[in-house]
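Colleague: Structure below; questions to follow.
The values are calculated or read from the model by the stated rules, or taken from the named source; none is laboratory data. Remember, predicted model here, so these are calculated numbers, not experimental data. Glycine also receives a Cβ, built like all others from the backbone with ideal geometry; neighbour counts cover every protein chain displayed.
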Amino acid sequence: MPTWRLFAAIELPSEVRRQLAEMIAQLGVELPGGSVRWVQADGIHLTLKFYGEVATDRVPSLSAALRQAAAGTLPPLALELKELGAFPSPARPRVIWAGVTGELEKLQDLQRAVERASAALGFEPEARGFTPHLTLGRVSEAWRPADRMQLANMFGRLGPSLRGTMAADSLSLMRSELGRGGAVYMRVTAAPFSGPPA
């Protein structure tokens, strides 16, 4: 049985992706050359649940479960870019990210609904708590202390300039295909937000 690499996410509007591309370009100029694998801005999304490799015959039931989970969210879901950070910390960066703020309680409720719907189909819940973020790059080598200090300074200097807003009205089941040029993302299903029944 063929498999697809799947995840549930909120897709970003083009203006937000453009601003993130500008931020990635700024960070890329100032950080040590070749030390970070930057993502392509057109593929940045707000991931709520990563499924990994899923047999294609499970896609219809997963799509239906996500439509049910999304239906409980009243549109629009208002979010905005907030700051820059790193996992697990700027002192030991592995992933560089842009933060998300706005209707976070509503977003958390949606993510929990996605987890419940996914668990009902046998998908394991995430071991870590949900931290809304947009991945910008992955650090590919160990940095000197001076580089880590530079990164923390850049977060403080450039983070406040992030100014992007979005009004999400749907959740997407996304497929990623890994290739030489990086991952290519395709929407499998769009699950609209409609709000709880009156």
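Colleague: Given the conditions (1) more than 18 Å from Leu171 (Cβ to Cβ); (2) in a loop (DSSP other than H, G, I, E, B), report the number of the one that Leu74 does not fulfil.
Modeller: (1)
Colleague: Taking only region 153-198 into account, find how many residues are within 18 Å of Leu20 (Cα to Cα), part of a strand (DSSP E or B) and small (Gly, Ala, Ser).
Modeller: Here the count works out to 4.
Colleague: So, in region 161-183, of the ones that are surrounded by fewer than 17 Cβ atoms within 10 Å (Cβ to Cβ) and either at pLDDT below 90 or within 19 Å of Gly28 (Cβ to Cβ) (or both), which residue ends up farthest from the chain's Cα centre (by Cα)?
Modeller: So the residue we want is Arg180.
Colleague: Would you mind telling me which numbered condition in (1) within 19 Å of the chain's Cα centre (by Cα); (2) at pLDDT below 95 Gly34 fails?
Modeller: Looking at each condition in turn, Gly34 falls short on (1).
Colleague: Pairs needed: first member in region 48-61, under 16 Å from Glu124 (Cβ atoms); second member anywhere, among the hydroxyl-bearing types (Ser, Thr, Tyr) and surrounded by 10 or more Cβ atoms within 10 Å (Cβ to Cβ); C-beta distance under 7 Å; at least 6 residues apart or different chains.
Modeller: So the pair list comes out as Lys49/Ser118; Glu53/Thr3; Val54/Thr3; Ala55/Thr3.
Colleague: Looking at Glu83, is it touching a residue at least 40 places away in the same chain (Cβ under 8 Å), charged (D, E, K, R) and over 23 Å from Leu6 (Cβ atoms)?
Modeller: So Glu83 fits the description; yes.
Colleague: For Leu134, which of the numbered conditions (1) under 23 Å from Gly85 (Cβ atoms); (2) in a helix (DSSP H, G or I); (3) touching a residue at least 12 places away in the same chain (Cβ under 8 Å); (4) not charged (D, E, K, R) fails to hold?
Modeller: (2)
Colleague: On to the next question. Looking only at region 132-147, which residues are modelled with pLDDT of 95 or more and either β-branched (Val, Ile, Thr) or in contact with a Phe, Trp or Tyr (Cβ under 8 Å, 6 or more places away or on another chain) (or both)?
Modeller: His133, Leu134, Thr135, Leu136
Colleague: Output the qualifying pairs, or none if there are none: Cβ atoms under 6 angstrom, residues six or more apart or on different chains, first residue in region 93-114 and more than 14 Å from Ala9 (Cα to Cα) and in a strand (DSSP E or B), second residue of a type in the set (Val, Ile, Thr) and at pLDDT 95 or above.
Modeller: Hits for this filter: Val95/Thr135; Trp97/Thr135.
Colleague: Of the residues that sit in region 16-66 and are in contact with a helix residue (DSSP H, G or I) (Cβ under 9 Å, 6 or more places away or on another chain) and among the basic types (Lys, Arg), which one is surrounded by the fewest Cβ atoms within 10 Å (Cβ to Cβ)?
Modeller: Among those that are in contact with a helix residue (DSSP H, G or I) (Cβ under 9 Å, 6 or more places away or on another chain) and among the basic types (Lys, Arg), it is Arg18.
Colleague: Next question, about the same structure. Suppose the filter is crowded, with 16+ Cβ neighbours inside 10 Å, part of a strand (DSSP E or B) and either within 14 Å of the chain's Cα centre (by Cα) or not charged (D, E, K, R) (or both); does Leu79 pass it?
Modeller: yes
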